[in-house]
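Below you'll find the structure, written out as structure tokens, and then a few comments.
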């Protein structure tokens, strides 16, 4: 198996597990659900990209509808992303 595909699969598995933990709990938080959904979508997209690059096949998730996030969640995720970029540059 390709190292890139294996790494993307592992990240997808982690994202799926975390998503299941959040939505399967007793008290389901909308914000946590949206965050884990966004992570899961990014992981699925990354996996699909490496599979397509390696094999030339299409997106295995092409029939999955996009889930819309609340604007506040999108803003929060962008702020986290930006903070991580700044932290990486400093290190």
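The values are calculated or read from the model by the stated rules, or taken from the named source; none is laboratory data. These figures come from a predicted structure and were not determined experimentally. Here the Cβ is made from the backbone with ideal geometry for all residues, glycine too, and neighbour counts use every protein chain on show.
Some points to look at:
- Within the option set 83, 45, 53, being under 14 Å from the mean Cα position of the chain (by Cα) and part of a helix (DSSP H, G or I) holds for one residue only, 45.
- Neighbours by Cβ (under 8 Å, 6+ apart or cross-chain): first from segment 52-76, at negative phi and at pLDDT 85 or above; second surrounded by 13 or more Cβ atoms within 10 Å (Cβ to Cβ) and not in a helix (DSSP H, G or I): 52/59; 54/2
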